[in-house]
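Each remark here refers to the structure printed beneath this line.
The values are calculated or read from the model by the stated rules, or taken from the named source; none is laboratory data. Nothing here was measured: the structure is a model prediction, and the numbers come from that model. Counting neighbours? That spans all protein chains shown, and the Cβs are built from the backbone with ideal geometry, glycine included.
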Amino acid sequence: MKRFFPLAFAIALSIYPFVARDFFMDIDSAKVFQMPSTEHWGGMDSLGRDLFQRSLVGGGISLLICFFSLFLTYSIGLIVGSALSFWNRSNHLIIFILDVFDSIPNFLLVALFSILLNRGISGGVSPVASFSVLVISISLAVWPPIARNVRLEILQLRGREYLSAAVLAGGSLFYIVRAHYLRALWPWLRTSITHSIPQFLLIESVLSFTGFGMGPQHATLGYLIYEGWKNALMFPHLFLVPALILCVLVFILTNSIQDPKT
């Protein structure tokens, strides 16, 4: 039961923005910059909104971006890595491209893709468009190591006798990949994806902090931290509340990975 708590907690928090959408933006101008109290645990922000509620919603949006980015990243990595392991032509060129991607810091790549994709959007940027740009930008920057690892894992599997027997028995490529390769890859995939959740969460937070996130209307934890940082000396709770929630969230997810009992 213990090992499912972090995942259940993350899923519940990612659903929270849809549940709290009717009240987390309520404004009370009489309570602007109010410090934390029993009524408002995280205090109030510059417009009189409950900061604890906004931080929970921001954490949920950050996790949604994290989950969608994980899905797209590993989908691209699995497809490209599998293709590289079965198709030997031009392998050296593609691996060289992967090496080039690996040599560039993830943040710079995500920022570059985010700028390029945002320039391609005409008119006003909707929340869905901002969300999609962020997910695609993160995925395009982070997939190369996944593809490389998938390729290496499949190359190690290809020489096993039961796979050779499946080929000789006339099994189709789709059946062999689904029934044998994916099943053999699942332990590695599960471990890799689980370890990537805190990493993707921090990537999104850093991007939002530096201005490449979704903006104030659908603020993630990174944006709330940036927003609070500007007034941290006079109203420290504006910075500390979202920062602490991010730290707790990363700690829960990371600790569940490192705990051998989970």
Going through segment 22-56 in order, the residues found to be in contact (Cβ under 8 Å) with a residue 60 or more places away in the chain, among the aliphatic types (A, V, I, L, M) and either within 30 Å of residue 199 (Cα to Cα) or buried (at least 24 other Cβ atoms within 10 Å of the Cβ) (or both) are 51, 56
Collect the residues in segment 209-227 that are farther than 13 Å from residue 247 by Cα and either touching a strand residue (DSSP E or B) at 6+ places or on another chain (Cβ under 7 Å) or in contact (Cβ under 8 Å) with a residue 60 or more places away in the chain (or both), keeping them in residue-number order.
210, 212, 213, 214, 215, 217, 218, 219, 220, 223, 224, 227
Of the residues in segment 208-222 that are surrounded by fewer than 24 Cβ atoms within 10 Å (Cβ to Cβ) and assigned to a helix (DSSP H, G or I), the one that is modelled with the highest pLDDT is 209
Within the set of pairs 6+ apart or on separate chains, which have a first residue in segment 239-254 that is in contact (Cβ under 8 Å) with a residue 12 or more places away in the chain and over 14 Å from residue 199 (Cβ atoms), a second that is surrounded by fewer than 19 Cβ atoms within 10 Å (Cβ to Cβ) and not aromatic (Phe, Trp, Tyr), and C-beta atoms under 6 Å apart?
239/232
Let me confirm something: among 52, 96, which residue is in a helix (DSSP H, G or I), aromatic (Phe, Trp, Tyr) and under 30 Å from residue 190 (Cα atoms)?
96
Going by the conditions given, is residue 78 modelled with pLDDT of 80 or more and touching a Leu at 6+ places or on another chain (Cβ under 9 Å)?
yes
